[in-house]
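These notes are about the structure you will find just below.
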Amino acid sequence: MRLADLGERICIIGQSGGGKSTLATAIGERLGLPVVHLDQYRHVPGSQWHHRPDEEFVELHDSAIRGNRWVIEGNYSKLMPRRLQRATGLIVVDISTSVSLARYYRRTLQPMSRRVGGLEGTRDRLSWSMIEYILRNTRANRQRRRAVFEESTLPKLFLSGATEMQRFCRRESIDPP
């Protein structure tokens, strides 16, 4: 499957620290698509990852997917069916738990780190609850994303591992995450 086969409304899902945000930004730049980072819609800018009210998040999400062209990254499984209904392509990023943890540590421990898709005015901080979330939920979430991939009739890509993601990026002439 080639990037061009995914159309102009691409949905990217995957685990925390898997490179979804960086990949979405690279694809957006390559194809000239607006990029939506759902974490920025779900959380209050300038906060330490405090949730917006549910109805506000749903409205921001639904407004974004009504657009004709986009690449949207993020999971938020309750809203995923709406997103997939409008999407023209799906990418599932499946990175190992150890790589996810390493990336999470790096983005929280590097001074002056500003991650792609992060909250404006917020620097990520090391959180034991996030580490626990990655360790506890990655396997079950990986199985759910695999099921979404298998059930989807959209043009789709399953990028298993950092090496496969980099190979895809090289083949498609996009800056790799």
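Values in this text are rule-based calculations from the coordinates and carry no lab data. Please read these numbers as outputs of a predicted model, since none were measured by experiment. Every residue, glycine among them, receives a Cβ derived from its backbone with ideal geometry; neighbour counts consider all protein chains shown.
Calculate the length of the line joining the C-alpha centroid of region 135-168 to that of region 18-68, in whole Å.
When both Cα centres are located, 19 Å separates them.
For G67, what residues show an amide H to amide H distance below 5 Å, using hydrogens built from the backbone and excluding near sequence neighbours?
Amide H to amide H, under 5 Å and 5 or more residues apart or across chains, G67 pairs with nothing.
Taking every Cα atom in region 38-177, find the radius of gyration and the maximum pairwise distance Dmax, and write them in Å.
15.8, 43
Suppose only helical runs count, i.e. DSSP H with n ≥ 4. What mean residue ellipticity at 222 nm does that imply for the chain under -39500 (n - 2.57) per run, divided by all residues and rounded to the nearest 500 deg cm²/dmol?
Dividing the helical sum by the residues of the chain leaves -14500 deg cm²/dmol.
What list of ³J(HN,Hα) couplings, whole Hz, do you get for region 136-141 from phi and the Karplus terms 6.51, -1.76, 1.60, once you set θ to phi - 60° and write x for glycine and proline?
Coupling constants for region 136-141: 7, 9, 4, 5, 5, 5 Hz.
Taking amide H positions as placed in the peptide plane 1.01 Å from N, state which residues far from L90 in sequence (5 or more) or on other chains have amide H under 5 Å from it.
C11, K156, L157
With a point put 7 Å past each Cα toward its Cβ, work out how far R69 is from A4 in nm, to one decimal.
Spacing of the two 7 Å Cα→Cβ label points: 1.6 nm.
Arrange the following residues from fewest to most other Cβ atoms within 10 Å of their Cβ: C11, C169.
C169, C11
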